[in-house]
């Protein structure tokens, strides 16, 4: 089982490094369906997997100049406080499995819609550019913080959304970013968010540490390899990989 987990980690790492998404949306169904973890433990384990796996990818994208620090900082200004508040609420009242199921279904649908949107990025980018002409630049920072806060809540409660939903939010608000910048900035935001949420879940005993180590043995080199691929793949190919990853994640969550 540990060797199987390492292979899964390797495959997920390559996808994360190349597309910026996949840690939560791909691993959570695997942890539930293949490794038979309880839902809270799957969420907590996946948050740590996402944080530690994407850490190496964030460093690689930073070295290649793919991270917009201002955008990532604004997202974190909203997501980190929201994650802490959500963790405090979970400690007080707890969150039932039925609620997690509803959220997973909603996020799965959102991932499928995101995949369709990114498959025709040119259309959405042109639309966003038109909206940008009507949106005062002074309002963008505030909207970025608000979207970050929403992501903070979603990721803390489900372990899904830091990559997939975050990348769409960044694209719609900042349509002039290249795909490489979109991926790099998304990963740079996801690492601190998933780490903070993961620490909170670990405090509640929601982490399978041996399984996490096995997954990381594959994912750490995998995400480095995926990050290298973004340097050579045309933006169209990278965008298609991103869309395919989101579609697969959406079907897995809904199923």
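The values are calculated or read from the model by the stated rules, or taken from the named source; none is laboratory data. Keep in mind the model is a prediction, meaning the values are calculated, not measured. Don't worry about glycine lacking a Cβ; one is built from the backbone with ideal geometry, like all the others, and counts go over all protein chains shown.
Among residues of region 1-24 that are farther than 17 Å from residue 111 by Cβ, those with a beta-carbon under 8 Å from a residue that is part of a loop (DSSP other than H, G, I, E, B) and at pLDDT 75 or above at least six positions away or on a different chain give the pairs 1/35; 4/34; 5/35; 8/34.
Figure legend. Inter-residue proximity from region 56-71: first residues within 21 Å of residue 221 (Cβ to Cβ), second residues at pLDDT below 90 and not in a helix (DSSP H, G or I), beta-carbon distance below 7 Å, spacing 6+ or different chains. Indicated pairs: 64/231. Screening residue 175 on (1) in a loop (DSSP other than H, G, I, E, B); (2) buried (at least 24 other Cβ atoms within 10 Å of the Cβ) shows it passes everything except condition (2). Among what's in region 100-112 and is surrounded by fewer than 17 Cβ atoms within 10 Å (Cβ to Cβ) and either modelled with pLDDT of 80 or more or in contact with a helix residue (DSSP H, G or I) (Cβ under 8 Å, 6 or more places away or on another chain) (or both), pick the residue that is nearest to residue 43 (Cα to Cα). Here the residue is 105. Figure legend. Inter-residue proximity from region 136-152: first residues without any contact (Cβ under 8 Å) to a residue 12 or more places away in the chain, second residues in a helix (DSSP H, G or I), beta-carbon distance below 9 Å, spacing 6+ or different chains. Indicated pairs: 142/74.
Restricting to region 207-236, count the residues that are farther than 18 Å from residue 54 by Cα and either at pLDDT 90 or above or part of a helix (DSSP H, G or I) (or both).
Residues that pass the stated criteria total 4.
Taken over region 184-225, the criterion of being surrounded by 19 or more Cβ atoms within 10 Å (Cβ to Cβ), over 16 Å from residue 37 (Cβ atoms) and more than 17 Å from the chain's Cα centre (by Cα) is satisfied by 200, 218.
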